[in-house]
Amino acid sequence: MNGLPMDLIVSAALFWIALGLVGLVAQKKPSFVRNAIFPLGALAGAIVAVSAFFSSGVETAVSFLGLPDLPFHLRLDSLSAFFLFILGSATFGISLYATGYFRNEEKHIGTLCLEYHVFLAAMTFVLLADDAFLFMVSWEAMALSSYFLVTTDHKIPEIRRAGFIYLLMAHVGAISILLYFGSMGGDYGFDAMRKTHLSGMQATFAFLLAFFGFGAKAGMLPLHVWLPEAHPAAPSPVSALMSGVMLKTAVYGLLRVLFDLLHMQVWWWGVVILATGLSTALFGAVFSAVQSDMKRLLAYSSVENIGIIFVGIGLTVIFKAYAMNSLAALALVATLYHCLNHAFFKSLLFLCTGSVLHATGERNLGKLGGLIHKMPWVAWTALIGSLAIAGLPPLNGFVSEWLLLQAFLFTPGLPHSYLNMLIPVAAAALVLTGAAAGYVMVKFYGIIFLGQPREEKLREAKSSGKWERAGFLWLAAGCVLLGLVPFFVIDHLAGVSNFLVGASLENRDWLFLAPISSERASYSPLLFLIVTLSAIGLAFIAVRRFYHGRVRREIPWNCGYPVWNARMQDTSEGFGQPIRQIFDPFFKVGRELPSPFDSKPRYSAKTEDKFWYWIYIPFGRAAEYFAGLFGKIQQGRILVYLLYNFVTLIVLLLIVQ
Amino acid sequence: MAGQYINLLASILLLLAFAMLSQRRIKSLINLFMIQGMTLVANTVVIASTTGQTHLYYSALLTLTLKVVILPWILYRMIRQLNVEWDVETLINIPSTMLVGIAIVIISFNLALPISHLAGTITRGTIGIAMACVLLSLLMMITRSKAISQVIGFLSMENGLFFAATSTTYGMPMVVELGVALDVLVGVLILGVFFFQIREKFESLDLKHLEKTEEE
């Protein structure tokens with residue numbers, strides 16, 4: 001068994017690359033590319049997930065690829081195995097879905113297929129890399145392939161702009177990561193870095209570089225700006241992959257750096273991560289509440305979830321720095337669990353928006369509605385995803401958020417007076433975020449699927465095909481199962497937490513989830529489900545028994561009006577209005593009010609991110625200004641360039657002397 | 001005795017570098033370049049006979065064929081075909097160029113001082129001059145606007161380098177020297193092709209026509 005998981009995963013990654021090339025060659029036969037290559041890719045994803053699940057211990061290998069004298073080093077340990085499991089299991093569903101989805105993209109299916117599978121392989125190698133060289137190469141391959149995926153419809157200027165912002169941020173982050181590797185003592189192998197002992201200042205510097213770099217990829221505040229641009233621009237399966245899996249590679253990188261490559265953790269690093277994560281989470285939740293583009297809403301929701309994950313990481317660092325290892329394990333397990341959950345429910349929701357987009361051609365929430373009648377499959381699986389992401393029991397989102405809050409409840413035990421006073425406030429803010437996430441999901445689901453169709457064309461919307469349904473079913477089943485049997489997941493995560501923080505959760509009972517002790521708190525999703533179902537059943541029977549039985553069927557949201565139309569429903573702007581009022585200082589709102597004489601009045605409000613005005617636009621202006629200054633020395637005259645050479649030479653000679 | 005010959009030749013070389021700096025006519029520039037080559041040959045022969053380094057004779061022969069015969073011939077032919085034989089360049093302010101040149105010579109001598117202490121050759125006093133020749137040729141390239149004069153400046157820079165090599169270490173290994181010689185020859189031939197192309201495109205060899213290459 002030893003060595004097999006690694007071989008299987010590497011072969012699956014190489015198989016993906018081969019599939020991509022075959023797809024490119026066979027692009028003249030789009031139906032073959034779709035119906036053969038994408039399901040095979042899904043199969044490879046399943047292989048990755050299964051072999052990562054069954055891998056144990058640490059496996060290392062030296063690849064035959066790479067430069068002469070600089071071979072690629074690979075390593076599969078419990079951390080990378082867990083993230084590979086996320087990658088594989090999410091990919092399985094997404095690739096199945098993509099098989100059906102890309103039937104409308106047959107024009108450039110060849111390049112799409114190549115980029116998609118190279119993207120998957122690159123992410124695999126990011127997770128397997130055991131040296132900075134392979135890590136950076138696959139990191140860049142990941143960024144580039146996803147850039148091309150984002151700009152699939154490159155004829156549209158907004159998409160080109162989104163792609164540019166994404167590429168820019170990806171490279172800013174990559175430079176920072178590269179600098180981090182440079183600051184780790186000079187050797188490029190991760191093994192050498194593990195043995196390097198940096199001094200306090202150097203370690204802090206290295207941490208900040210890594211935090212910035214991985215934070216840019218993850219969408220941490222204020223580096224999140226690419227996310228709400230790139231996710232809506234990409235085709236839906238790609239958004240699902242980027243949001244569900246690619247963001248996790250950044251989380252993986254940060255965890256790898258913090259707990260494996262750096263030999264120490266300082267408590268205030270944890271505070272920095274926690275504070276950033278918390279503001280990211282709040283920001284994301286508030287912004288997703290006011291969006292009226294459904295994919296943009298989900299993108300901001302990804303920002304929020306990344307924030308929650310960062311909060312968990314920050315808490316882990318704080319506990320670890322004070323050598324409270326079992327609590328660190330609790331926070332870490334909550335974080336990792338949330339990564340897995342987010343991969344499932346966010347991918348599911350992005351795929352749902354993809355189907356809605358295909359059926360209606362609309363991304364704007366204000367033009368959707370009532371789709372539950374036309375697209376029941378999409379609607380019901382989206383319901384599961386929405387409930388999960390809102391953190392409602394017994395689905396998976398609840399488990400991880402509950403675990404994280406449990407971890408917060410232990411922070412008063414921290415031996416630092418400010419921390420144990422301030423962190424509970426953070427817990428309160430986290431709960432607020434969770435509530436806002438619930439609000440967002442009510443809006444998302446209610447406006448798209450419930451009520452009346454807001455446009456005439458929605459009445460002809462078609463339901464999804466069978467490949468799409470397979471993808472939905474897999475991801476929705478994941479959301480349910482991960483919620484119902486958390487015991488098995490936590491059991492599996494013991495390996496990771498032992499490896500990273502030197503402790504694991506003691507949870508012996510398969511029915512009750514009790515992270516620290518059963519006296520303190522415990523949760524049993526199965527019992528919850530049984531009680532809920534029986535309560536609903538009893539209520540149903542009671543109603544049937546005691547109700548007089550006269551039923552009148554009416555159109556939803558009719559409210560007894562004799563005249564009604566779809567425009568009387570609550571709109572997405574209207575739904576987000578309270579949040580917009582409360583958090584007014586965060587937004588820059590552009591309103592468009594209808595005139596009183598308009599026969600078909602339309603109200604629209606566009607909220608903009610103030611970070612553009614606070615950071616990016618001034619930064620861009622400064623860059624342009626300095627570039628202009630440098631442009632002045634670029635005269636275009638050969639003689640002047642020669643003069644520069646000459647003067648530089650003389651000055652250097654004088655300095656050397 | 002030999003040391004004095006070498007010093008004489010070195011000072012001639014320096015003088016020639018200044019002469020090139022102030023020369024307006026392209027044809028005279030080529031003449032000066034040829035004389036520079038001859039001085040180099042003489043210098044190499046003197047060093048060879050004093051130190052008994054036989055490979056320097058081959059080197060001298062190579063320099064003679066290449067820099068005194070072939071390159072000037074190519075350049076003459078070129079200016080005749082391009083019809084720039086009697087062209088006069090407008091130079092910017094010769095006296096101030098000269099002053100800059102003098103400053104460069106002083107800097108070079110200062111720079112060369114530590115190297116001369118290290119070198120064990122009889123020619124070690126001339127390293128400063130060699131360096132000055134290189135820098136003066138670069139200066140000449142800067143002050144010229146015609147493509148041909150730039151190439152001549154480039155070639156005379158190579159002469160200075162060659163002189164530096166012979167005076168610090170009694171010349172480079174034969175293989176290196178052959179390689180450099182071939183490079184120079186090929187370089188001049190390629191630049192010749194460029195001249196004709198530039199000429200055809202802009203109907204002039206003045207580099208100011210190339211200034212539109214700046215990014216808009």
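Summary of packing: across the peptides A:534-547, B:151-164, the per-residue average of other C-beta atoms within 10 Å ranks them, highest first, as B:151-164, A:534-547. Shown here are the Rg and Dmax of the Cα trace of segment A:266-550, at 20.5, 68 Å. The largest-to-smallest principal axis extents of the Cα set in segment B:2-205 are 52, 36, 21 Å.
Averaging Cα coordinates gives a centre for segment A:224-261 and one for segment B:29-80; these two points are 66 Å apart. Scoring A:594-607, A:3-16, A:642-655 by mean Cβ neighbours within 10 Å over their residues and listing the highest first yields A:3-16, A:642-655, A:594-607. Computed with the Debye formula from one identical point scatterer per Cα of segment A:188-279, without solvent, the log10 of I(q)/I(0) at q = 0.25 Å⁻¹ comes to -1.27. Rounded to the nearest whole angstrom, the semi-axes of the ellipsoid equivalent to segment A:328-380, taken from the Cα gyration tensor as √(5λ), stand at 32, 11, 9, largest first. Angle of helix B:147-169 to the longest C-alpha principal axis of chain B, folded into 0 to 90 degrees and rounded to 10: 10°.
In straight-distance terms, cross-link reach from residue A:606 covers every one of the lysines whose alpha-carbon lies under 21 Å from its own, apart from those fewer than eight places away in the same chain; here that gives A:295, A:367, A:443, A:588. Taking the charge dipole of segment A:547-648 about its Cα centre, with +1 at Lys and Arg Cβ atoms and -1 at Asp and Glu Cβ atoms, the residue from A:574, A:590, A:638 reaching farthest to the positive side is A:574. Note on segment A:335-490: dipole from Cβ charges, positive end direction compared against A:380, A:420, A:336; the farthest Cα belongs to A:380.
Rounded to the nearest whole angstrom, the semi-axes of the ellipsoid equivalent to the protein assembly as shown, taken from the Cα gyration tensor as √(5λ), stand at 71, 33, 26, largest first. Close Lys pairs in chain B (alpha-carbon distance under 18 Å; sequence gap of 8 or more, or different chains): 6.
Only the coordinates and a few stated rules stand behind these numbers; no lab work does. Just so it is clear, the structure is predicted and the values come from calculations on it, not from any experiment. No Cβ is skipped: glycine too gets one built from the backbone with ideal geometry, and neighbour counts run over all protein chains shown.
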